[in-house]
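All remarks here apply to the structure that follows.
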Amino acid sequence: MIWGSSTEFGQERDIISGQNFLDLRDRSTTIRSMTAFRGGGGAIIIEGRPVPTSGLRVAPNFFSFLGSDVALGRSFVAEDGRAGRGDVAVISYDLWQQLGADSAVVGRVVEMTSGSFEVVGVLPVDFGFVGTADLITPLDMDRLRREGRMSIDYWALGRLAAGVTVQQAGAELNAILDDIAVEDSRIRVWDVVVEPLQGSLFQYVRPPLLLLQGAVGLMLLIGCANVANIFLARGLGRNREMAIRASLGASRRRLVGQLLTESLLLSVVAGVVGVLLTVGAVRALPNVMPPRVPVPGSSAMVQIPEIHVSGIVLLFALSVSVVVAVVFGLAPAMQVARHDVTRSLKEGALSTTESKRARALQNLIIGTELAMAVALLAATGVTLTSVVSLVGSDPGLNPHNVLTMYVGELDDLSDSTRARYYREILRVTENLPGVVAAGLTDYVPFQQEDDFEGFDVVGRPRTSEASWRVEWRRVSAGYAAAAGLPLLDGRWFTEADFADAPSVAVVNQAMAARYWPGENPVGQRINIHERVYETAEIVGVVGDVRRRGLDQPAPPLMYVPFPRKPRPTMALFIRTAGIPQSLIEPVKLAIWSVDSRQPVHDIDLLSRIISRSVTVPRLVLILTGVVAVLALVLSGIGVYSLMSYAVNQRTREMSIRMAFGAGRGDVLRHVIGSAFRLALAAVAVGLVSAWLIVRAASALLFGMASGYATTFAVAGMLVLVVALGATYLPAKRATLVDPASSLRAE
C-alpha cells in the first residue's frame with residue numbers, strides 16, 4: 001500500500017493525487033508496477049427504481065495488477081476510460097445475478113441515474129478486494145494528469161521489484177516526492193508511506209486478536225496443568241498396579257506406552273468435541289462481527305473477510321490435542337515407570353503414599369495454574385474497565401431516534417441544481433408525520449469519511465500552511481436539531497443564512513481551542529479557501545463529535561451552509577418522535593416523489609452506527625471474559641480434584657494426628673493453611689504477571705485504564721476464594737473419617 005502522509009495535517013495514512021501517482025509510477029525503479037483506484041459506485045435502474053451499487057473506479061491495469069481475471073467477457077484495456085471511448089464496466093457476480101444471470105450480459109447497456117454503461121465483463125463469484133464492489137469502471141488516466149497536485153483522490157498499490165525491501169521503496173518514493181516539492185511547495189508537508197497491504201488493512205483488528213490469542217493460550221496452559229496433575233495423580237495412584245504388571249514381565253516402555261495411549265485417547269476425543277463446538281461458534285460469528293473495520297489513521301474502511309473453519313486450523317487444533325497428551329502425559333508416565341517394583345509392592349501392601357518429590361511437582365503445577373488464572377482474570381478486568389469507559393464515552397451527538405441515509409447521485413449537475421434538489425428533499429421529509437427534525441450534512445460520523453478545507457483568520461499572519469487546514473461539513477439549518485448537536489456559544493444557522501446572505505460559519509470546540517485559545521471565536525472572520533464561501537463570520541461554537549470512533553479525540557471542524565457547494569451525495573438525518581424504522585418506507589417514497597431516479601442507500605440508525613464503532617473491542621472483551629471465566633472454572637476444578645486426591649492420600653497421616661490428640665479443627669486448619677500459603681504465593685506471581693501484561697497491552701488497545709489496583713485486588717481475592725473453597729470441601733470430608741476405622745483399614 002502506498003499512502004500519502006502528513007504529520008502536520010494529522011493524516012497518518014491518506015490518499016494521493018493523480019499527478020503524484022503518475023509521477024511516482026513513472027519515475028520509480030523499486031516499484032515494478034503500480035495501480036490506482038477510488039470510490040465510484042452509482043445507482044442503476046432496475047424495474048424503474050434506482051438501485052444503489054457499491055463500486056470502484058480503477059486504473060486499466062487494476063485486474064492484471066491483482067492477478068485476477070473475469071469469469072465472462074474481458075477486463076479493461078489501456079484505451080478504456082478515455083474521452084470518446086464510451087462508458088464501460090465490469091460487474092460483480094452478485095450484480096450479474098440481479099440483472100438476470102444471463103451469459104449474454106456482455107455487451108448489454110445498463111441504464112444508471114446519471115447515464116449508462118456497457119457491460120464488458122463479469123467477475124468470478126470469489127473475487128474480493130478490501131470491500132464489496134458491484135460496479136467497477138475504468139479511470140481516465142489522461143484526466144489524472146490534468147488534475148491538480150492537491151486533488152487528493154486516489155488509493156495507490158504497488159508491487160516491489162525483485163530484491164527490493166519496503167524500506168528501500170519508501171526511501172525512493174520520498175526522494176521522488178521531494179523533487180516534486182521543488183515544483184510545488186504545497187507538497188513539502190507530505191511524505192510517502194509504503195507498507196505491506198495486509199498489515200495496513202487489518203491493523204485495527206490485529207492487537208485485540210493478539211490479546212484474545214494470549215488469553216486462549218493461558219487457558220490452554222491451565223487446561224494442560226490440569227491434565228498433567230490429573231495424569232500424575234492417577235499414575236501415582238496406580239503404582240501397585242504398575243508394579244504388578246512389571247513383575248509379570250511388562251517393560252517400562254510398555255507401561256509408559258499404556259499410560260500415553262490412555263491419555264492420547266482422552267485428548268483426541270476432547271479435541272473432536274472441541275472442533276464440533278468451534279464449527280458452531282464460527283457459524284454464529286457473522287451475526288456479531290461488524291461488516292467493516294477502519295484502517296487506523298486513514299479514512300478507509302475495509303470489509304471483514306468471510307470467516308470460516310479452515311482445514312489447516314482444524315488440523316492444528318487436533319495436533320495440539322495430541323501434543324498435550326504426549327507432553328503432559330509423558331512426565332507422569334515416566335514418574336510412575338521410574339518407581340522401584342519391589343519397593344512399590346511392599347509399600348502398596350500398606351499404602352500408596354506419594355513421594356515428596358511428586359507432591360512438590362503437584363504443588364508447582366497447582367501454583368502455576370492459579371497464577372495464570374489470576375493473570376488472566378486481572379488483565380480481563382482491566383480491559384473490561386477500559387471498554388466500559390469507551391462504550392460510555394460521549395459521542396458528541398444525541399443518537400436516540402435518529403435515522404440516517406445517503407441521498408442523491410448528482411455528479412453531473414450544477415451546484416444550484418443540487419441545492420434546489422436537496423432543499424426539496426428537506427421540505428418533503430420535514431412534512432412527514434412523526435418527523436421532529438430533518439437535516440443534511442456531508443457524511444454520517446463514525447464511518448471514517450473525512451473532508452478538509454483550508455482557511456486563514458482575517459488580520460492574523462499565517463505561521464504554517466498546515467495550521468490552517470481543518471475538516472469541514474456543509475450542513476442545513478435543521479442538522480443540529482436532527483443530530484442532537486449541542487450549541488455551546490453564539491447561534492446555529494438560520495434559514496436566512498442559506499439565502500443570498502453574507503457567508504457565516506460555525507466551529508466546534510476543538511477548533512475554537514486550537515485557533516483561538518483563551519478567546520471567544522464568535523465574531524471572528526475567516527477566509528475559507530473554497531472561493532464560493534469567501535470571507536465568513538463565525539457565529540457559533542458547538543460541541544465536539546468523535547468522528548472516527550469513541551476512542552479517538554474529535555478533530556477541529558467547521559460547519560458552513562450547504563447550498564453554496566453541495567456534494568453530489570449528501571447524508572440525511574431524521575429525528576423521529578417514535579420508532580425510526582417505521583419511517584423508512586415513507587421517507588423513501590417522499591424522496592422519490594421529488595425525483596424517482598435518485599438513490600436512497602445506507603439507511604441505518606445513528607445509535608446502531610455508533611454502537612458498531614466499538615463492536616470489535618466489545619466482542620474481544622466478551623470472548624476474553626468467557627475465556628477468563630472458563631480459566632477460573634478450570635482452575636477451581638483442577639484444585640478441587642487434586643486436593644481431593646491429596647487429602648485422600650493423607651487420610652492415614654490425619655488419622656494418626658487425630659489419634660495422638662489433634663482435633664478435627666486443627667487438622668482442617670493445617671490442610672487449609674498449607675493450601676492458603678500455596679494459593680497466596682500463586683496470587684502474588686499472577687498479579688505481577690497481570691501487571692506486565694497490562695503494561696504491554698496499554699499501548700495497543702483502546703485506552704487501557706491507568707488505575708487498576710481495585711481490579712487486581714478483586715481478581716486475587718476471587719482466585720483465593722475459589723482455591724480455598726476447592727480445598728475446604730475434601731479436607732472437611734477427610735476429617736469426618738473415624739481415625740480407628742481408617743487405621744484398621746490401612
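The values are calculated or read from the model by the stated rules, or taken from the named source; none is laboratory data. Small disclaimer: the values here were computed from a predicted structure and weren't measured. Note that we place each Cβ from the backbone using ideal geometry, even for glycine, and neighbour counts take in every protein chain shown. Keep in mind that these areas ignore ligands, DNA and RNA; they rest on the heavy atoms of the full protein, side chains included. Shrake-Rupley method; radii C 1.70, N 1.55, O 1.52, S 1.80 Å.
Pairs needed: first member in region 201-225, closer than 20 Å to Ser321 by Cβ and open to solvent by less than 20 Å² (accessible area, probe 1.4 Å); second member anywhere, charged (D, E, K, R) and in a helix (DSSP H, G or I); C-beta distance under 8 Å; at least 6 residues apart or different chains.
Ile222/Glu369; Ala225/Glu369
Could you give every pair whose Cβ atoms fall below 7 Å, whose first residue belongs to region 592-607 and is closer than 22 Å to Leu397 by Cβ, and whose second residue is part of a helix (DSSP H, G or I) and of a type in the set (A, V, I, L, M, F, W, C), counting only separations of at least 6 or pairs across chains?
What qualifies is Val600/Ile591; Ile603/Ile584.
Tell me, yes or no, whether region 650-668 has at least one residue that is out of contact with any strand residue (DSSP E or B) (no Cβ under 7 Å at 6 or more places or on another chain), among the aromatic types (Phe, Trp, Tyr), surrounded by fewer than 16 Cβ atoms within 10 Å (Cβ to Cβ) and at pLDDT below 85.
yes
One residue is enough: does region 567-585 have a residue meeting the conditions in a loop (DSSP other than H, G, I, E, B) and surrounded by 14 or more Cβ atoms within 10 Å (Cβ to Cβ)?
Start the filter on region 567-585 by keeping residues that are in a loop (DSSP other than H, G, I, E, B), which leaves 567-569, 577-579.
Then keep just the ones that are surrounded by 14 or more Cβ atoms within 10 Å (Cβ to Cβ); that gives 567, 569.
Checked against the condition, which is being in a loop (DSSP other than H, G, I, E, B) and surrounded by 14 or more Cβ atoms within 10 Å (Cβ to Cβ), region 567-585 yields at least one hit.
Within the bounds of region 154-168, is there any residue that is in contact with a Ser or Thr (Cβ under 8 Å, 6 or more places away or on another chain) and part of a helix (DSSP H, G or I)? Spell out how you get there, then give the answer.
Residues of region 154-168 that are in contact with a Ser or Thr (Cβ under 8 Å, 6 or more places away or on another chain), as a first pass: 154, 156-161, 164, 168.
Checking the rest, the ones that are also part of a helix (DSSP H, G or I) come to 168.
Taking every residue of region 154-168 in turn, at least one turns out to be in contact with a Ser or Thr (Cβ under 8 Å, 6 or more places away or on another chain) and part of a helix (DSSP H, G or I).
So, in region 634-644, how many residues would count as being open to solvent by 20 Å² or more (accessible area, probe 1.4 Å) and modelled with pLDDT of 70 or more? Even if it seems obvious, please write down each step before you answer.
Keep residues of region 634-644 that are open to solvent by 20 Å² or more (accessible area, probe 1.4 Å), which gives 634, 637, 640-641, 643.
The next check asks that each one be modelled with pLDDT of 70 or more; those that pass are 634, 637, 640-641.
Final tally of qualifying residues: 4.
Only one residue in Gly121, Gly115 is in contact with a strand residue (DSSP E or B) (Cβ under 8 Å, 6 or more places away or on another chain) and either open to solvent by 50 Å² or more (accessible area, probe 1.4 Å) or closer than 24 Å to Leu144 by Cβ (or both). Which one?
Values: Gly115 fails: in contact with a strand residue (DSSP E or B) (Cβ under 8 Å, 6 or more places away or on another chain).
The unique qualifying residue is Gly121.
Under the condition of being at pLDDT 80 or above and of a type in the set (D, E, K, R), which residue from region 605-626 is most open to solvent (accessible area, probe 1.4 Å)?
Arg608
Touching a residue at least 40 places away in the same chain (Cβ under 8 Å), touching a strand residue (DSSP E or B) at 6+ places or on another chain (Cβ under 7 Å) and surrounded by fewer than 22 Cβ atoms within 10 Å (Cβ to Cβ): is that true of Tyr443 in this structure?
Criteria met by Tyr443.
Being under 32 Å from the mean Cα position of the chain (by Cα) and within 26 Å of Ser185 (Cβ to Cβ): is that true of Glu449 here? Show your work before the answer.
Details: under 32 Å from the mean Cα position of the chain (by Cα): yes; within 26 Å of Ser185 (Cβ to Cβ): no.
No; evaluated as a whole, the condition is false for this residue.
Do you know which of the residues in region 126-139 that are within 17 Å of Ile304 (Cα to Cα) and in a loop (DSSP other than H, G, I, E, B) is most open to solvent (accessible area, probe 1.4 Å)?
Asp126
Yes/no matrix, rows are residues, columns are (1) among the polar types (S, T, N, Q); (2) within 13 Å of Gly158 (Cα to Cα); (3) in contact with a Gly (Cβ under 6 Å, 6 or more places away or on another chain):
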position	(1), (2), (3)
Ser28	yes, yes, no
Ala36	no, yes, no
Val51	no, no, no
Ser64	yes, yes, no
Gly73	no, no, yes
Asp80	no, no, no
Arg85	no, no, no
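Quick check on this structure: which one of Ala496, Ala482, Ala501 is closer than 21 Å to Thr535 by Cβ and open to solvent by less than 40 Å² (accessible area, probe 1.4 Å)?
Ala501
Are any residues in region 89-124 farther than 23 Å from Asp412 by Cβ, among the small types (Gly, Ala, Ser) and more than 36 Å from the chain's Cα centre (by Cα), and if so, which ones?
First pass over region 89-124, keeping only residues farther than 23 Å from Asp412 by Cβ: 92-94, 96-107, 121-124.
Next cut, among the small types (Gly, Ala, Ser) only: 92, 100-101, 103-104, 107, 121.
Passing the criteria: Gly100, Ser103, Ala104, Gly107.
Could you say which residue among Val545, Val541, Val560, Val532 is part of a helix (DSSP H, G or I) and either surrounded by 22 or more Cβ atoms within 10 Å (Cβ to Cβ) or at negative phi (or both)? Give the derivation first.
Working: Val545 fails: part of a helix (DSSP H, G or I); Val541 fails: part of a helix (DSSP H, G or I); Val560 fails: part of a helix (DSSP H, G or I).
None of the other options fit; the residue is Val532.
Would you confirm whether any residue within region 174-188 is closer than 29 Å to Thr383 by Cβ and surrounded by 13 or more Cβ atoms within 10 Å (Cβ to Cβ)?
Checked against the condition, which is being closer than 29 Å to Thr383 by Cβ and surrounded by 13 or more Cβ atoms within 10 Å (Cβ to Cβ), region 174-188 yields no hits at all.
How many residues are among the β-branched types (Val, Ile, Thr) and within 24 Å of Leu550 (Cα to Cα) if we restrict to region 290-311?
Adding up the residues that qualify gives 4.
Could you grab me the full set of residues in region 182-198 that are more than 17 Å from Asn20 (Cβ to Cβ) and without any contact (Cβ under 8 Å) to a residue 24 or more places away in the chain? Before the answer, list the steps.
Our first condition is that a residue be more than 17 Å from Asn20 (Cβ to Cβ); within region 182-198, this holds for 195-198.
Correct list: Gln198 only.
So if I check each of Gly100, Gly81, Gly55, Gly67, which one is exposed (fewer than 15 other Cβ atoms within 10 Å of the Cβ) and under 26 Å from Leu22 (Cβ atoms)? Don't jump to the end; show me each part of the working.
On the way: Gly100 fails: under 26 Å from Leu22 (Cβ atoms); Gly81 fails: exposed (fewer than 15 other Cβ atoms within 10 Å of the Cβ); Gly55 fails: exposed (fewer than 15 other Cβ atoms within 10 Å of the Cβ).
From the options Gly100, Gly81, Gly55, Gly67, the qualifying one is Gly67.
Could you tell me which numbered condition Gly454 fails, if it satisfies all but one of (1) open to solvent by 30 Å² or more (accessible area, probe 1.4 Å); (2) over 25 Å from Leu583 (Cα atoms); (3) in contact with a Lys or Arg (Cβ under 9 Å, 6 or more places away or on another chain)?
Checking Gly454 against (1) open to solvent by 30 Å² or more (accessible area, probe 1.4 Å); (2) over 25 Å from Leu583 (Cα atoms); (3) in contact with a Lys or Arg (Cβ under 9 Å, 6 or more places away or on another chain), the one that fails is (1).
When region 416-429 is examined, which residues are found to be among the polar types (S, T, N, Q) and surrounded by fewer than 19 Cβ atoms within 10 Å (Cβ to Cβ)?
Ser416, Thr417
Can you tell which of Leu413, Leu432 is within 39 Å of the chain's Cα centre (by Cα), crowded, with 16+ Cβ neighbours inside 10 Å and not basic (Lys, Arg)?
Within the list Leu413, Leu432, the selection yields Leu413.
Which condition breaks for Thr368 when tested against (1) touching a residue at least 60 places away in the same chain (Cβ under 8 Å); (2) assigned to a helix (DSSP H, G or I); (3) closer than 28 Å to Phe573 by Cα?
(3)
Kindly indicate the residue of region 456-504 that is assigned to a loop (DSSP other than H, G, I, E, B) and of a type in the set (Ser, Thr, Tyr) and also modelled with the lowest pLDDT among those meeting that condition.
The residue in question is Ser464.
Suppose we filter Val90, Val51, Val70 for residues that are in contact with a strand residue (DSSP E or B) (Cβ under 6 Å, 6 or more places away or on another chain), part of a strand (DSSP E or B), at pLDDT 90 or above and not hydroxyl-bearing (Ser, Thr, Tyr); which single one remains?
Val90
Regarding region 507-518, can at least one residue be identified that is in contact (Cβ under 8 Å) with a residue 40 or more places away in the chain, buried (at least 20 other Cβ atoms within 10 Å of the Cβ), over 13 Å from Gly396 (Cβ atoms) and of a type in the set (Gly, Ala, Ser)?
no
Exactly one condition in (1) in contact with a Leu (Cβ under 8 Å, 6 or more places away or on another chain); (2) over 18 Å from Ile2 (Cα atoms); (3) among the hydrophobic types (A, V, I, L, M, F, W, C) is not met by Phe37; state its number.
(2)
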